[in-house]
Structure formats: C-alpha cells, structure tokens
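Data block below; observations after.
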Amino acid sequence: MTNRIMVGMAGLLLAVIVQAQSGISIKSTEVVPGLYMLEGEGGFAGGNMGLMVGNDGTVLIDDGIEPVAPILLDAIEQHTGRNIDFVINTHVHGDHIGANKALHLSGATVVAHDNLRKRLIEKGWDTPAGTRPASKEELPEVTFSDSMTFHLNDHEAYVFHLVKAHTDGDSAIHFRDIDVIHAGDIFFNGLFPFIDLDSGGSVAGYQAAQQRIINMAGPDTIIIPGHGPLSNREELQVALDMLTDAEARVKALVDAGQSEDEVVASNPLQIYHNDWNWSFITTERMTRTLYRSLSSQ
C-alpha cells in the first residue's frame, strides 16, 4: 500500500510526491480509501500525520515541522484543487504542530485540546535561541475539554482527550466506521516512548492512555502511531507490556534506595536495549524518566 507521493490525487489523494530542497520528501501510505498516513522520507519531517480527503473536506492530523508546510499545501492544492480545511493537533510538540501558522494562514481551522492552547500561550515554543511566545496564528482556534466528533466524507472521526499521558494536552482520533485510530505520541511503535514529564505528562497516564486505546481497538483495528510504521492492537499491547515491566525494574532499585545515577549504572533496562533504544529516547533517558516519575510519587 505504500507509495511515494508522485502522480496526483485525481480528486482524492492517490499518491503525490513533493521534495524539499533539503531532500526530504513525504511518503504516503493508504490506510483505507480516502485515509492516508504521511511521513517524512530522506530526513526528519516530524511525527506521522494522517490525511482524510473527500468531497466534504480535507482533514490533516498533525502537520509536522514548519518546513513541511509548503510541501503539503502545494501537493494537496495542486492535485485536489482545495486547501486543508481542518487540522487536528494531537499534542503540543513542534514536530507535530510546527506548521500550524502556515496552515492557519492557508485557511485551515486548527483544532486541539484546551490544554494544548493554554500551554502554547503560557509557555510558548522552545527554540535553540531560547523560548519564544506562540503567535496568534500558531494557536488552535477551536478547542475542546473531553471529546468532539467530525462527521465528514461519510466517516465519523471521534477526537478524545487522554489525561496527563505524553503531555497534558494529548488527543487521539478514532475513525469508528473504518476501524482506524491515530494515536499520536501515545504510541512509539518499536521505540522507547517519550513521556514529557515537564509538559504535564506522566508514566501512569501514558500507560492508562495506551490501555484505553487497546480497549477501544479490535483485532483488525489499524493504528497510526506518532512515530514508527503502521501498527495494530497487538503491537500496542507489546509496547505497554514493555513499559510496565520497565517501570517495575526501575522501581525495584528505587525501593532499594538507589540514587538516579546508581539506577542508571545498574542498567535495569538492558534487556530492552537492542529492540527499543533509539537516538532520541535512549535506554539511559528512558531509565531516568522512569526514575523521575517514581521519585515524584
């Protein structure tokens, strides 16, 4: 089902490839007809995006890093003759909502949880030069506290809040009629997860969010993770089981009175290193996250 976005959408997005000067391109994977997963290829473009296209409108789930915006906008406008109508932000991180401003200026309505907008207003963006305020154009225009539903293109997209999980403003999207869930960063497929304790996230909330999605999914449900390849309920259960066991391994050392550095030196997550360690969340960083979480309880 995976193809480089190249030829056109012919009213609906079939496949289009656009390439930035940096060499980064956008790969499209058809999940079901009319619904696609978009991801960077040849470089980092941000987290996995979802795109629903149909006669009623175009909905983008997350919008990647800021430089991706013209690539997406040009491709969709060229091959569908329309702009993106709605953008759903799954959480506050810039690799998922960095292009909010460009999409807002193109005419899209940005939707997110209340806490995401509040955090952008109060905390702004972290940049290499320091923190900068979020502009009005970068903020979601429509927010919700618990859930909301889009009824478009003969689909029902249920958007729901996950409490204090990856951050304090997470949302996932369940396309109920076609059995697809976009989990955002509640799911890093085959990778140690980033649980952002400094942005209101928590290990317990992350585990509860994963369990909620597992309970919502069926054996044939397709899950779009925030990072990694298309997945399913079984693989999400594996990720939750890993995190639960990893936390228990760190807790045993915390209960024994070890300091953070002593726990890291003991390397309790060594068993998971080969399969789950990656450049952003290394085995050491995962260990420190679990230690910090347990120490704050």
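For this structure, a couple of remarks:
- Applying the criterion of at least 1 residues that are within 20 Å of His182 (Cα to Cα) to the strands (runs of 3 or more DSSP E) found wholly in the stretch 71-153 leaves 86-88, 109-113, 142-144, 147-152.
- Filter result (buried (at least 23 other Cβ atoms within 10 Å of the Cβ) and either farther than 21 Å from Ile97 by Cα or modelled with pLDDT under 85 (or both)) within the stretch 49-69: Val68
- For the stretch 263-297, taking the residues that are of a type in the set (Phe, Trp, Tyr) and crowded, with 21+ Cβ neighbours inside 10 Å, the one that is nearest to the chain's Cα centre (by Cα) is identified as Trp276.
- Pairs where the first residue, in the stretch 194-219, is within 17 Å of Glu235 (Cα to Cα) and the second is in a helix (DSSP H, G or I) and modelled with pLDDT of 95 or more, C-beta under 6 Å, 6+ apart: Gln210/Leu240; Ile214/Arg233; Ile214/Leu236; Ile214/Gln237; Ala217/Arg233
- Pick from the stretch 231-262, criterion within 20 Å of Gly205 (Cα to Cα) and among the polar types (S, T, N, Q), ranking: surrounded by the fewest Cβ atoms within 10 Å (Cβ to Cβ): Thr244
- Of all the listed residues (His96, His104, His151, His161), the sole one being within 13 Å of Gly184 (Cα to Cα) and either surrounded by fewer than 16 Cβ atoms within 10 Å (Cβ to Cβ) or free of Cβ contacts under 8 Å to residues at least 60 places away in the same chain (or both) is His161.
- Residue ID - modelled with the lowest pLDDT, chosen from residues in the stretch 1-48 that are among the aliphatic types (A, V, I, L, M) and in a strand (DSSP E or B): Ala15
- Residue among Thr143, Thr109 that is farther than 29 Å from Thr289 by Cα and touching a Phe, Trp or Tyr at 6+ places or on another chain (Cβ under 8 Å): Thr109
The values are calculated or read from the model by the stated rules, or taken from the named source; none is laboratory data. Just so you know, these numbers come straight off a predicted model, no measurement behind them. With ideal geometry, Cβ positions are generated from the backbone for all residues, glycine too; neighbour counts draw on all protein chains shown.
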